[in-house]
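Worksheet: the structure to be examined is printed underneath.
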Amino acid sequence: MKFPARRFRPSIRFLIIGAWLWTAGLHIALWILEFRGRALWGDENRYMDSAQALLNGSPAWWPEAFWPPLQSQVLSGLVAIGAKRVLLIGLFQTFLLVVAALVLGDLIRRWSASSRAGLFGVWLCLSYPPLVAFTHYLWPEVLHLSLFLMAIWMLCVHWESKAWNLLTGVVLGLALLTKSLLGPLIPLLLLGAFWRREKALRNAALVVLTLLLTISPVLWAQYHRLGRPMIADSSAFNLWVGLNDRGLKNFEDEYVARAYEEYRCAAGNFFQKNTELRRRSYARIREQGLVATLKSQLFRQYFRLFDKENYLGEQLLEGAAVKMGLGYRDRSSQIAGLLRVSSFLFYAVLLALFPASLLLYPWKDRRWLRLMLLFLGYNLALFFCFHVKSRYRIQLLPVLFMAAPLLSAILFGLEGRLLRGGRLRRVLAVALGALGLFLGFGGPLLK
């Protein structure tokens, strides 16, 4: 992962220094807020309770087969070390974020043939407030993001190496044990990575072999526990909740908590409950009509996914967590206002320029450009049906950060390259950017 040294004009040099000072200040501010106190929120409590139960040897540490086990296992290992929980978890996840940033920066550098774009990608990953905030939270977003990006880097850079392909399978397996919804995408990802390359079948087989070996202990445990080899399955529950959500943003007319209590109190085992939820979901679609259901999902799900609010902002000022009596204790300071405003500004720039970067920038490696768009499309298809929160957008940030080459070009020049595309591409870039901004910031206009 090499980023060649570059010489910049004094004005640009000051801009770069200011940008990295922002990054340092952001991390310091979030550490200060965390040390001043923050109540665990939502599934954070479940992950911590599960980790503590695992440490205590309780067989009930993995209570539902909705969630893969790795995040709880990692947290239990960190807690077992005995250091202050806030410090140790924050340091570990910050390390993961740095690894993810370096990997993503190297990928962007390779795909765009611009070292400046790669450095910009690193900076975005380390400087976007809602993402950096997750290094202090107990949700599995940062762990999954780092594993997924490492797997992409190995497939991109070392696809021909047997040893690296074996390691790729391990990393992909760990990613599945963090968020199992990635599973159906993996065959397509491997097909795209090895298509028309030498020894493609051998290399893909090596990845699949170590992937299966990595997840096999969990498959075996679930077989003995539930009678079926699996990691986790929340699809039936999330489909039912996704059809019943009504708000255009997080925590607005929230149904998921009530649905989970109903699920826990329902009769039957895990699979019987899932069968009943699928039956009810299909009955709801028939009752509403297919066209009405599609329209309802289209005009709700993507506003929820792309809404400007985020899990950092919801724990500051008058956010949703604060209204529940949770969130940061020091939530009304000037730091809180700056974090919210800067988050919105970062997000608006990414939404506006991401489509233009894809359509107009002269990318060198279009194979991986298409695969990253496939990853985006896969997630958009899932969240058209399933329950969605802005937290699930964290895994999409590597795609949005592919705005880095165009942002770098705007600030530092195109390094001798020209933007590609005619009028149609430019119009499409503007239209998609406007659509992204509308999904992110225009939800209140529809009320």
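Restricting attention to the stretch 266-309, which residues are aliphatic (A, V, I, L, M) and over 27 Å from the mean Cα position of the chain (by Cα)?
Scanning the stretch 266-309 gives 266, 267, 283, 285, 290, 291, 292.
Does residue 317 count as at pLDDT below 95 and of a type in the set (A, V, I, L, M)?
Considered against the rule, which asks whether it is at pLDDT below 95 and of a type in the set (A, V, I, L, M), residue 317 comes out as yes.
Considering only residues that are under 15 Å from residue 215 (Cα atoms) and surrounded by 21 or more Cβ atoms within 10 Å (Cβ to Cβ), which ones fall in the stretch 70-79?
70, 71
Taking only the stretch 315-324 into account, find how many residues are open to solvent by 10 Å² or more (accessible area, probe 1.4 Å), in contact with a helix residue (DSSP H, G or I) (Cβ under 6 Å, 6 or more places away or on another chain) and either under 14 Å from residue 130 (Cα atoms) or not in a loop (DSSP other than H, G, I, E, B) (or both).
Result for the stretch 315-324: 1.
Can you tell me which residue in the stretch 374-394 is least open to solvent (accessible area, probe 1.4 Å), limited to those that are without any contact (Cβ under 8 Å) to a residue 24 or more places away in the chain and of a type in the set (Gly, Ala, Ser)? Spell out how you get there, then give the answer.
Residues of the stretch 374-394 without any contact (Cβ under 8 Å) to a residue 24 or more places away in the chain: 376-377, 379, 381.
Of the ones still in play, those that are also of a type in the set (Gly, Ala, Ser) are 377, 381.
Values: 377: 34, 381: 62 Å².
Residue satisfying both the conditions and the ranking: 377.
How many of the residues in the stretch 100-132 are touching a Gly at 6+ places or on another chain (Cβ under 9 Å), under 19 Å from residue 312 (Cβ atoms) and of a type in the set (Gly, Ala, Ser)?
1
Could you grab me the full set of residues in the stretch 194-229 that are within 24 Å of residue 141 (Cα to Cα) and either at pLDDT 95 or above or open to solvent by 60 Å² or more (accessible area, probe 1.4 Å) (or both)?
207, 208, 210, 211, 212, 213, 214, 215, 216, 217, 218, 219 - these are the residues of the stretch 194-229 that are within 24 Å of residue 141 (Cα to Cα) and either at pLDDT 95 or above or open to solvent by 60 Å² or more (accessible area, probe 1.4 Å) (or both).
Taking the stretch 80-114 as the region of interest, how many residues are open to solvent by 30 Å² or more (accessible area, probe 1.4 Å), part of a helix (DSSP H, G or I) and among the charged types (D, E, K, R)?
3
Only one of these conditions is not met by residue 241: (1) outside any helix (DSSP H, G or I); (2) surrounded by 13 or more Cβ atoms within 10 Å (Cβ to Cβ). Which number is it?
Condition not satisfied by residue 241: (1).
The values are calculated or read from the model by the stated rules, or taken from the named source; none is laboratory data. What you see is a predicted model, and the numbers here were worked out from it, not measured in a lab. All Cβ positions, even for glycine, are placed from backbone atoms using ideal geometry, and neighbour counts span all protein chains on display. Surface areas here come from the heavy atoms of the whole protein model, side chains and all, with no ligands, DNA or RNA. Shrake-Rupley method; radii C 1.70, N 1.55, O 1.52, S 1.80 Å.
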